[in-house]
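Following: one structure in structure tokens, then a few remarks.
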Amino acid sequence: MNGADFLQLSPAAAPVRGLTGWLADAIRAAIMDGRLRAGTPLPATRLLAGDLGVSRGVIVEAYQRLADEGLVSARPGAGTQVLGVSRPGSVAAAPAVPGPLLVPPGWRERAQIDLSPGVPDLSGFPRAAWIRAERAVLEQASVTELGYGDPRGSQSLRTELAGWLARTRGLRAGPDEIIVVTGVAQALALLARVLRARGLEEIAVEDPGSRGARDDLAYWGLRPVPVPVDEHGMGVAELALGQARAALLTPAHQFPTGVVLAPQRRRDLLDWADAADGLIVEDDYDAEFRYDRAPVPALHASAPGLVAYAGSTSKTLAPGMRLGWLIPPVRLRAELTEAKYASDLGSPALPQLVLARLIASGELEQHIRLVRKRQRSRRDALLRALREHLPQARVQGVAAGLHLLITFPGLDGSDADLAEAILRTGVLVQPLSWHRQRPGVPGFVLGYAAHTPDRLHEAARRIAQGMS
Ligand SMILES: Cc1ncc(COP(=O)(O)O)c(C=O)c1O
């Protein structure tokens, strides 16, 4: 007996007479319970008839019944599509763009302006350039390039990345030293597993620091030990007093304070790693966005043997690309490659080939230049708005990145409570305390990259209102 993948329909289950009613019922039920959503095309009548081994007239008739009920569109020649169904109690939720941090349930839905950090302006994704590059890749890719390939990633991407990272971040790493991963998150996961296998139990992390990165490491069994961050970056003296033999840092633009690791601290950190046989994990998550000062070269450039360097396209293109890179010291390369292979046999080939092409053609650089300009003007707009509406706030970390930090040194009370009050005005801000392991001055991390100047102005006005 025939059957169809579509809704797993089997005419064997149908009554002897009344095939049309049976089919219409099955499709109607799927529309009502949400398996078939608005906009979903129904299979072509001829194909479905063939799959089910019934006459095409049965399918045409069933579709017509559903069209009469207003459940599907029936435009001759244009195919049949599911129309929206309004279910009692269903709410049209605004499409939320999740950031890396899990905010309390319901918060994103309540926010009209979501200032979560870490998300670029996704409406600016270079769609046309990507499509052009993908088309060219598909026309030219060899059969081998579509196979399982090297778990470290496609040769052409690793070659392009080596040049790109040398030009933009000062790295000296050949293609064979790079492991393509699905983002900084996977780089941290692989490192955590390999370090655990080598007997490490803890890793020093910045406090305040990225909550997402900390949770990721903890999930894979490494205990994150907080080391305080001051205006020069992570306190290397405190790090050296502890037992940790690995340390995760964001040296170029500390998350979330925006501090750049000071030159003396850089030297002290490298000395610590050298003397203690320690590993520095460099999270270079938003290195491409510098506004007011020259970029600081990556730490990896100074000491490739002591640093595992991680970066991604999450801030330059979109987090949903899940494309990143890990450049570990030689001594960890084989184990990390093995961990990557054990995880997923290697990252998806096609996006890697497309990214390689966008780097080679200069289009990635062009895109970043454009976005940098836009983000700079958004940052300036937020700064103006904060001066106007929140003159008491201390503003930090404005020279780079996609977010800034405001703190309120004299303020009593919890920034998490204040964030809840601000949410009632329709603005989602992340309290600084979410990114801390130890108590400290209250504040908010404000991601500005995804919002127009007008909305940023409105957000600042509402934050002030929520705090009053
Ligand atoms: C400091 C920091 N590290 C790592 C990540 C994770 O990045 P990826 O998307 O490359 O996994 C983020 C995401 O926002 C981040 O803010």
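The values are calculated or read from the model by the stated rules, or taken from the named source; none is laboratory data. As the structure is a prediction and not an experimental result, all values here were calculated from the model. Using ideal geometry, Cβ is built from the backbone for each residue, glycine included, and neighbour counts are taken over all protein chains shown. Protein only, heavy atoms only, side chains kept; ligands, DNA and RNA dropped before computing areas. Shrake-Rupley method; radii C 1.70, N 1.55, O 1.52, S 1.80 Å.
Of note:
- Contacts under 8 angstrom Cβ, first residue in region 449-468 being buried (at least 19 other Cβ atoms within 10 Å of the Cβ), partner aromatic (F, W, Y), 6 or more apart: L456/Y448; I463/F444
- When residues of region 93-118 are limited to those that are at pLDDT 90 or above and in a loop (DSSP other than H, G, I, E, B), the one nearest to the ligand (Cβ to nearest atom): P117
- Those residues of region 146-179 which are more than 16 Å from the ligand (Cβ to nearest atom), of a type in the set (K, R) and in contact (Cβ under 8 Å) with a residue 12 or more places away in the chain, in sequence order: R152, R158, R172
- Counted residues, region 125-176 - those being surrounded by fewer than 20 Cβ atoms within 10 Å (Cβ to Cβ) and either in contact with a Lys or Arg (Cβ under 7 Å, 6 or more places away or on another chain) or on the phi > 0 side of the Ramachandran plot (or both): 6
- Flag for L122 being within 16 Å of the ligand (Cβ to nearest atom) and out of contact with any Leu (no Cβ under 9 Å at 6 or more places or on another chain): yes
- Residue in region 182-198 that is charged (D, E, K, R) and closer than 30 Å to V103 by Cα present: yes
- Selection count, region 180-215, where residues are closer than 15 Å to L249 by Cα, near the ligand (Cβ under 8 Å from one of its atoms) and assigned to a helix (DSSP H, G or I): 6
- Identity of the residue in region 286-300, without any contact (Cβ under 8 Å) to a residue 60 or more places away in the chain and not in a helix (DSSP H, G or I), that ends up least open to solvent (accessible area, probe 1.4 Å): V296
- For region 43-85, the set of residues classified as among the hydrophobic types (A, V, I, L, M, F, W, C), crowded, with 18+ Cβ neighbours inside 10 Å and assigned to a helix (DSSP H, G or I) consists of L48, A49, L52, V58, I59, A62, L66, listed by residue number.
- If only residues of region 22-42 that are more than 34 Å from the chain's Cα centre (by Cα) and in contact (Cβ under 8 Å) with a residue 24 or more places away in the chain are counted, the one that is most open to solvent (accessible area, probe 1.4 Å) is R28.
- Test: residue in region 301-320 that is surrounded by fewer than 16 Cβ atoms within 10 Å (Cβ to Cβ) and within 16 Å of the ligand (Cβ to nearest atom): yes
- Unique match (being closer than 20 Å to G170 by Cβ and part of a loop (DSSP other than H, G, I, E, B)) among A252, A244, A273: A252
- Neighbours by Cβ (under 6 Å, 6+ apart or cross-chain): first from region 208-224, farther than 15 Å from M234 by Cβ; second open to solvent by 30 Å² or more (accessible area, probe 1.4 Å) and within 9 Å of the ligand (Cβ to nearest atom): G212/P100; D216/A185
- Scanning region 40-60 for residues that are touching a helix residue (DSSP H, G or I) at 6+ places or on another chain (Cβ under 6 Å) and among the small types (G, A, S) yields a count of 1.
- Any hit, region 244-253, residues being in contact with a strand residue (DSSP E or B) (Cβ under 6 Å, 6 or more places away or on another chain) and of a type in the set (D, E, K, R): no
- In the condition set (1) without any contact (Cβ under 8 Å) to a residue 40 or more places away in the chain; (2) surrounded by fewer than 19 Cβ atoms within 10 Å (Cβ to Cβ); (3) more than 19 Å from M234 (Cβ to Cβ), Q264 is compliant with all but (3).
- Test: residue in region 278-285 that is out of contact with any helix residue (DSSP H, G or I) (no Cβ under 7 Å at 6 or more places or on another chain) and open to solvent by 10 Å² or more (accessible area, probe 1.4 Å): no
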